[in-house]
Amino acid sequence: MLNKILYPTDFSDSARAALAYVKKLHEAGATQVVLLHVYDSRMIDLRWEIESEYTDKGMIGAKDAVVKRLLDASYKRLQELETELRDTGFETELIVVEGIPYQEITKTAADKDVSLIIMGSHGEHGVVERIIGSTTERVLRETSVPILVVRPTNNEH
Ligand code: ATP
Ligand code: MN
């Protein structure tokens, strides 16, 4: 019933709080975790546009190299979390992709046939007025997989 969990993270405090619940579910019989980080392609394009206003236009070709470096850095951060989950006893799978977070989360949940998604109520952008962030809201609307939404532990939100 709870065999495979999808844990999408943007490395925020809220996502960190959600990881504690992933670990707890090992005791309840969960055995596999898919860790997913989505490098938001809208942010990449925005950053690149801003930077290219200030730098030589000849730099445009370097975009792919920069994106690759950023994806590699995210992969390393995800590997640290993977180690924690392996120590807890889980089998793990890591995915880092470039895309729109809610779309990739919804797609991965279906492709990997997970039984539960565990994610933060908020994320790195921290719009505190909202009950939940837009990524979690969109995933809730679009997936048929049940979701455990975890609030950050300091109750800031
Ligand atoms: P918003 O992005 O709407 O301004 P926010 O950043 O506070 O607000 P969300 O983006 O909805 O909130 O983040 C909620 C949860 O969604 C996070 O705790 C994390 O579990 C997941 N999440 C958000 N962004 C990503 C991402 N890029 N990759 C993987 N998971 C993500
Ligand atoms: Mn966000």
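List of remarks:
- Highest to lowest packing among 89-101, 9-21, scored as the average C-beta count within 10 Å: 9-21, 89-101
- Highest-first packing order for the peptide set 115-121, 130-136 is 115-121, 130-136, based on the mean count of other beta carbon atoms within 10 Å.
- Over the stretch 1-47, the pair-distance histogram of Cα-Cα distances with 10 Å bins from zero comes to 24, 43, 22, 10, 1 percent, rounded to whole numbers.
- In units of the rule-of-thumb radius 2.2 N^0.38 Å, the stretch 1-121 shows an alpha carbon radius of gyration of 1.21.
- Rounded to the nearest 20 debye, dipole of the chain from Cβ charges on Lys, Arg, Asp, Glu: 260
- Across the options Ala15, Leu36, His26, the greatest Cα extent toward the positive end of the charge dipole of the stretch 1-57 (unit charges at beta carbon of Lys, Arg, Asp, Glu) belongs to His26.
- Selection from Val66, Pro101, Ser144 lying farthest towards where the dipole of the chain points positive, charges on Cβ: Ser144
- Only helical runs count toward this figure. For the chain, summing -39,500 (n - 2.57) over DSSP H runs of n ≥ 4 and dividing by all residues gives -15500 deg cm²/dmol at 222 nm.
- In degrees, nearest ten, helix 41-54 long axis to first principal axis of the chain (Cα): 20
- Each label point was placed 7 Å from the Cα along the Cα-to-Cβ direction; for Gln103 and Phe11 their separation is 2.3 nm.
- Under 17 Å, Cα to Cα: Lys pairs in the chain, sequence gap 8 or more or different chains: 5
- Convex hull volume per residue, computed on the Cα atoms of the stretch 103-157, equals 78 Å³.
Any read-out appearing in this document is the output of simple, stated calculations on the displayed coordinates, not a laboratory observation. Bear in mind that the values here come from a model prediction, so they are computed numbers and not experimental data. So basically every Cβ, Gly included, is an ideal-geometry build from the backbone, and we count neighbours across all protein chains shown.
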